[in-house]
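Coordinate-derived values only; no laboratory data. Since we're looking at a predicted model, the values are computed, not measured. Cβ: placed from backbone, ideal geometry, glycine included. Neighbour counts: every protein chain shown.
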Amino acid sequence: MIEALRKGSIAGAAVDVTVDEPLSSASPIWDLSNVFITPHTAGETRRYEDNVLDILLVNLQQLWRGEAMLHNQII
């Protein structure tokens, strides 16, 4: 990806999650002007904040009942 961004094969990128977190200060990604880096918070929205406790409580109740499928679960 880095090489493609350098060559312009990819016009730009928004990076929210990296393999190693936090992203090393030595990473060449930091030096690319066509990359926008967020601190693993891109999913944080006002709607999420308003609903996160309700989702947690529902999921805890389902776990306590032995249910495998959770609300808002990513598989």
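Worth a mention:
- Of the residues making up the range 7-16, those that are in contact with a Ser or Thr (Cβ under 9 Å, 6 or more places away or on another chain) and surrounded by 12 or more Cβ atoms within 10 Å (Cβ to Cβ) are VAL15, ASP16.
- Pick from the range 4-24, criterion part of a strand (DSSP E or B) and either closer than 16 Å to GLU44 by Cβ or of a type in the set (Val, Ile, Thr) (or both), ranking: nearest to the chain's Cα centre (by Cα): VAL15
- Matching option when the condition is acidic (Asp, Glu) and surrounded by 11 or more Cβ atoms within 10 Å (Cβ to Cβ), among GLU44, GLU49, GLU21: GLU44
- Set GLU67, GLU49, GLU44: member being of a type outside the set (Gly, Ala, Ser) and part of a helix (DSSP H, G or I): GLU49
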